[in-house]
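Data block below; observations after.
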Amino acid sequence: MNQAPVSCIPNSKMSKAKKVLDEARSTGNPELDLMEKGISSFEEMPGLLNMANITRLTLSHNKIVDVPPGLANLVNLEILTLFNNYIEELPVSLSSMPKLRILNLGMNRLNALPRGFGAFPVLEVLDLTYNNLNEESFPANFFILETLRALYLGDNDFEFIPPEIGQLKNLQILVLRDNDLIELPKEIGDLTRLRELHIQGNRLTVLPPEIGQLDLVGNKSVLKMDYNPWVAPIADQLQVGISHVIDYIRSETYRYLFSRHVSVRGPPPPKYIDKTNKLSRNRRNL
Amino acid sequence: MWHKGTPGTPVKPLALQSLDHSQLYQRRVQNLLDEQNHDIEESDKFSPTTGDYEDLSEHSWTDDRNSVSSAVWSSSQPLSSSLSSNNSPPLLPARTSTMAKQSSQLTREDARSDVHLIGNRITGNMSLGNMFCSRCGDGFEPHEKIVNSNGELWHTQCFVCAQCFRPFPDGTFYEFEGRKYCEHDFHVLFAPCCGKCGEFVIGRVIKAMNANWHPRCFRCEVCSKELADLGFIRNQGRALCHECNAQAKAVGLGKYICHKCHGVIDDKPLRFRGEVYHPYHFNCASCKIELNSDAREVKSRPGFTSNEMNELYCLRCHDKMGIPICGACRRPIEERVVTALGKHWHVEHFVCAKCEKPFLGHRHYEKKGLAYCETHYHQLFGNLCFVCNQVIAGDVFTALNKAWCVHHFACSVCDQKMNQKTKFYECDLKPVCKKCYDKYPAELRRRLRKTHEATPKKASV
């Protein structure tokens, strides 16, 4: 990928973004679409941070590296989409945005989340798909996001999920696809409203029996768990269907198997997804 | 000299009535006993004791008609009244006994005496020397007027009311226990008072409920029907006619009284045109079968309160009449009909399958043959928009295990609106437009493709 220095912005690109801003200002349109404008810095969008009226800001498919703390000035922003940029760090101020409900930071280069990231007052959907996050990336109070109903962590580097995840009482969707997960915390069983759980493409061998408490087999529920090195009984049930897996892990037989498995745990299965070519790694590899 | 027709002393025959003393006594004792037995006799059957209204002259003393034990007032017409037509005193009662056996010692003559002024016609051994006044015992002066009443003789000044010592007005007196009373005092002392109006009872006396009554005053306390000739039933201190008593009794038992035969309805009553009946008094308007309590009253003009046109049908005929049956209670619907889910419902029975509250005309949502209120439909079936998290009011986009308001359905990557015709890809069960998907890194697309090998990676709404 060609990484142009911030200072060398072609005029045409700048005017493109400016045009959109001018138009939005004149029409009073509170929804800003600025995807695929080649933007690499917020400086290319003069006056944007003063447009306190906007409710949606979409900056997908740009080249933004830094998110200025002043973005938090957009106090009416409800939806912020920064999908597919070069963001490595986020400002602490972001979590103070009073109306932000949907935050899409997918396909960036985040290695960590800023402290206080759990302080969003009304955040409902958080998409962190395809970044470089792991269990070390979460700030201490991340899981106090009581309003969160969807958490997308697919394509990251998690080997474990903090047990505090059980505090996300409103979580309905949890995506952990294509990580390096070795085990799941039993606290996932506390997520009583969960109806979508994606754990395919990990290194999981067993499921905590507590997952059996969740309603993941109804016609409004989804459990995706393929591409894991499951122990034979689970793998066998999975062949027949998800509902059989759930029935099985609810059984006493499985509880016994699980406790034995945990006590004589061997070395974790090897990582089998080669992530060196991930787009999110590119910057680091440069 | 015997004078005849002297002014001030009218020469009039007087009626004399007498009453057996023992009978009055008995009656009073009987009253006392009645009062003592009052509670025991509650709601027992009674017949009012009544006296005859006939003139004593027509009265048969040996007649057993008045077999009820107590005295009866009979009216008798004093002879005086037969002579003076317009100014005659009212019909006067005389106390007599109804007990034929005991009254046998009374003679008709006793009860009906003529009083004469003795004139020149005195004959035989009757001489002034052996005649004495029945009151004062003194003899009579020659030429003095002598009152002869039933063989007894009186000074005119001695022939007075035993109570007020005044002459008898119009010469009419009443005799009781050997004493003679003017009409007024006799009433005051002995005549019965009506338990209702408090007036003296003259003529026929109804003795009932430990009191005396005019026949027109003794009525059913519920329906005011005169009870004198119908008999009555004592019900908790009230005198009731047979119908009202049966009704009161039935109400006490929680039962209905048939509006037709006035009998108690022991089984389930049949309601018809606002009244209750024994079902067997009616036949089905269609098949003429005798009805039972399952019969149905059919309003010929549904929705109208007037029920004069209502007809009765047996359940079988009723159910064949095309009257809608409620899908909830399986009973016919005679009022407003709600038609939904391919069935009919009573308005109050068309309820949310979750909270069971009636919709009462509010919008309902259908799912798998059941109806839900807005709140519970969305709570149960999750039709909250994935973007705004609000109940979806209008049309719904449903895909990827989620739902969207039509105007909120957009690519999850670039937020561009999509419609039902837009092709999109699925990643983590989120919609991704083709333009964005094409921008995914090749290695991710490769993995996603691998994951979706079994299922088509393209999905359309």
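Estimated purely from DSSP H runs of n ≥ 4, each contributing -39500 (n - 2.57), the mean residue ellipticity at 222 nm for chain A is -5000 deg cm²/dmol once divided by its residues.
Pairwise inverse Cα distances across chain A, averaged and inverted, put the Kirkwood hydrodynamic radius at 20.4 Å.
Would you work out which of A:L204, A:I102, A:V231 lies farthest towards the positive end of the dipole of chain A? Charges go on Cβ: Lys and Arg +1, Asp and Glu -1. The residue sitting most towards the positive pole is A:I102.
Listed values for region A:176-191 are Karplus-derived 3J(HN,Hα) couplings in whole Hz (6.51 cos²θ - 1.76 cosθ + 1.60, θ = phi - 60°), namely 10, 4, 6, 10, 10, 4, 9, 8, 10, x, 5, 5, 4, x, 7, 7, and x replaces Gly and Pro.
Could you give the Stokes-Einstein D for region B:393-435 in µm² per second, using the C-alpha Kirkwood radius, 10 °C, 1.306 mPa s?
Numbers: Rh = 10.4 Å.
The estimated diffusion coefficient comes to 153 µm²/s.
Give the ranking of B:E356, A:E159 by solvent-accessible surface, highest area first, calculated with a 1.4 Å probe.
Numbers: B:E356 135, A:E159 45 Å².
In descending accessible area the options line up as B:E356, A:E159.
Phi angles of region A:211-221 translate, via the Karplus equation with coefficients 6.51, -1.76, 1.60 and θ = phi - 60°, into HN-Hα couplings of 4, x, 6, 7, 8, 10, 10, x, 6, 9, 10 Hz per residue; Gly and Pro are given as x. Relative intensity of region A:18-89 on a log10 scale, I(q)/I(0) at q = 0.13, 0.15, 0.17, 0.27 Å⁻¹, equals -0.32, -0.43, -0.55, -1.49, per a Debye sum over C-alpha point scatterers of equal strength in the absence of solvent. Modelled spin-label separation between A:K186 and B:N292, with each label point placed 7 Å from Cα along the Cα-to-Cβ direction: 6.3 nm.
Based on the Cβ-Cβ distance from B:L380 to B:V222, what FRET efficiency comes out when R0 is 60 Å, to the nearest 0.05? Efficiency, rounded to the nearest 0.05: 0.55.
Enter the mean number of other protein chain beta carbons within 10 Å of the beta carbon of each residue in A:163-176, as an integer. Display every interim value, and only then the final one.
Numbers: counts 0, 0, 0, 0, 0, 0, 0, 0, 0, 4, 6, 0, 4, 1.
Average neighbour count from other chains, rounded to a whole number: 1.
Modelled this way, with points 7 Å down the Cα-to-C-beta line, the labels at A:V92 and B:E366 are 5.8 nm from one another. Using the alpha carbons alone, the radius of gyration of region B:142-277 stands to its Kirkwood radius in an Rg to Rh ratio of 1.34. Here r is the Cβ-Cβ distance between B:Q416 and B:A285 and R0 is 45 Å; the resulting FRET efficiency, rounded to 0.05, is 0.05. The smallest convex shape that holds all Cα atoms of region B:148-212, its convex hull, gives 105 Å³ per residue.
In debye to the nearest 20, how big a dipole does chain A give about its Cα centre with +1 on each Lys and Arg Cβ and -1 on each Asp and Glu Cβ? Working shown, then result.
Details: 31 positive and 33 negative charges, 78 e Å.
Magnitude of the dipole: close to 380 debye.
Mean per-residue shielding of peptide A:219-229 is 2, counting Cβ atoms of other chains within 10 Å of each Cβ. The listed peptides A:120-126, A:70-76, ordered by packing as a protection proxy, come out as A:120-126, A:70-76 (highest mean of other Cβ atoms within 10 Å first). Within 10 Å of the Cβ of each residue in B:405-417, the mean number of Cβ atoms contributed by other protein chains is 5.
If you average the C-alpha positions of region B:158-232 and of region A:78-140 separately, how far apart do those two centres end up, in angstrom? Using only Cα atoms, the two centres lie 110 Å from each other. Given R₀ = 56 Å, FRET efficiency for B:M309-A:V217 by Cβ-Cβ distance, to 0.05? Efficiency, rounded to the nearest 0.05: 0.40. Potential lengthening of the chain between B:C355 and B:C158 amounts to 61.0 nm, from the contour at 0.36 nm per residue minus the alpha-carbon distance.
The values are calculated or read from the model by the stated rules, or taken from the named source; none is laboratory data. Just so it is clear, the model here is predicted, and its values are computed rather than measured. With ideal geometry, Cβ positions are generated from the backbone for all residues, glycine too; neighbour counts draw on all protein chains shown. The accessibility values were calculated without ligands, DNA or RNA, using every heavy atom of the protein model including side chains. Shrake-Rupley method; radii C 1.70, N 1.55, O 1.52, S 1.80 Å.
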